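Heads up: the structure comes next, in structure tokens.
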Ligand code: PLP
């Protein structure tokens, strides 16, 4: 993997060489992406869709090329099914509003899982509050896998949507989404996937999976911040109303009322992030050039290597150890029976140049269920190497020695 493309990896932190292991929060960007942003502002910046002049037409073409690229990347049937948003959170909020407006009534049920990020909980809670509906969650078994038997028992005629993480951002575990989609579809219930932690790490094909919606963020997959995607099957997107009003999403506006634009513009009110979409396209091209086979093999190797090394540390507790993961490991370290606070470990690692994330990782219900204040989370990107793991492990041992 070409680390040279990632300028930031040469940075020093507190006088130490940076070791970046916080990719689940956001990934670093290759020069192909940062150059694209510079190029857009330097050469063709202009508002899209509305202008007859050259720059506007170039910018429009680039934005629509990016949409086609995203459609191809996730195996969508058509580019019309790709809505550009600000990110996963924005996508899920948009869906909660639009879908909820039409399809959720008093007493209806929405199902998420016990491992969700707040982004896939709170928008549904807000919707349930508005509509007097009920949010339920699939519980975990003792080994931290999803209790599919319980899920089967939860599906009923009031269930109107299942919205579920593809990969847990805390545990790194890959959820059994194929089975979840099959079981939900047997009862004609649509399924939304939160792909924030899967799309950067594995081939996600929406038609092969047959999911109804998919949300993901550009910044977690080597693209820029402020751009993300909501995919929806055309049949659903045509049936649900826009979540925001403004320019671009309209067909005609009269004092007597407004008619809406066709897909996907109906869901893109205002000036879109056309520089972001162009840079996202470059990130996708970068990932495709490396290839998901190589990415998955590399990240699996790193995860296993790191888990093995961690497992030798006295007092360690690795969550969901040995389960199939997508480049994320969460752990805590106990000194006898008392937990060394993850924040203290994270702070000492930082002083040694190692960036990890500590805390509840925006998944408080899961952390509460585990009965801990948080975890230390290590997460890999395609540019991480075994040497990064070695540096992290020796910095961790030093930190634990100081804190014990
Ligand atoms: N869902 C999951 C599983 C995540 O890990 C994250 C971010 O960490 C999000 C949603 C929210 O993503 P964003 O902050 O890019 O909207």
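The values are calculated or read from the model by the stated rules, or taken from the named source; none is laboratory data. The structure displayed is predicted, hence computed values, not measured ones. In this analysis, Cβ positions are derived from the backbone assuming ideal geometry, glycine residues included, and neighbour counts consider all displayed protein chains.
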query: Which ones in the range 167-203 are within 21 Å of residue 294 (Cα to Cα) and within 13 Å of the ligand (Cβ to nearest atom)?
result: 167, 172, 173, 174, 195, 196, 197, 198, 199, 200, 201
message: List pairs: first residue in the range 87-110 and closer than 20 Å to residue 274 by Cα, second residue more than 16 Å from the ligand (Cβ to nearest atom) and in a loop (DSSP other than H, G, I, E, B) anywhere in the structure, Cβ distance under 8 angstrom, at least six positions apart or on different chains.
response: 94/244
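Does the range 323-336 contain any residue that is out of contact with any strand residue (DSSP E or B) (no Cβ under 9 Å at 6 or more places or on another chain) and over 30 Å from residue 8 (Cα atoms)?
Taking the range 323-336 as the starting set, the residues that turn out to be out of contact with any strand residue (DSSP E or B) (no Cβ under 9 Å at 6 or more places or on another chain) are 335-336.
Of the ones still in play, those that are also over 30 Å from residue 8 (Cα atoms) are 335-336.
Taking every residue of the range 323-336 in turn, at least one turns out to be out of contact with any strand residue (DSSP E or B) (no Cβ under 9 Å at 6 or more places or on another chain) and over 30 Å from residue 8 (Cα atoms).
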message: Quick check on my filter: what residues within the range 81-119 are crowded, with 19+ Cβ neighbours inside 10 Å, within 11 Å of the ligand (Cβ to nearest atom) and either closer than 20 Å to residue 269 by Cβ or not assigned by TED's automatic domain parsing to the domain that holds residue 157 (or both)?
response: 85, 87, 88, 89, 90, 91, 92, 93
message: I'd like to check something: does the range 336-349 contain any residue that is modelled with pLDDT of 95 or more and within 25 Å of residue 216 (Cα to Cα)?
response: no
- prompt: For the range 371-385, does any single residue satisfy the condition of being surrounded by fewer than 20 Cβ atoms within 10 Å (Cβ to Cβ) and not in a loop (DSSP other than H, G, I, E, B)?
  reply: no
query: What residue, among those in the range 89-117 that are part of a loop (DSSP other than H, G, I, E, B) and over 17 Å from residue 239 (Cβ atoms), is nearest to the chain's Cα centre (by Cα)?
result: 117
- prompt: Of the residues that make up the range 59-80, is at least one in contact (Cβ under 8 Å) with a residue 12 or more places away in the chain, within 14 Å of the ligand (Cβ to nearest atom), in a helix (DSSP H, G or I) and crowded, with 17+ Cβ neighbours inside 10 Å?
  reply: no
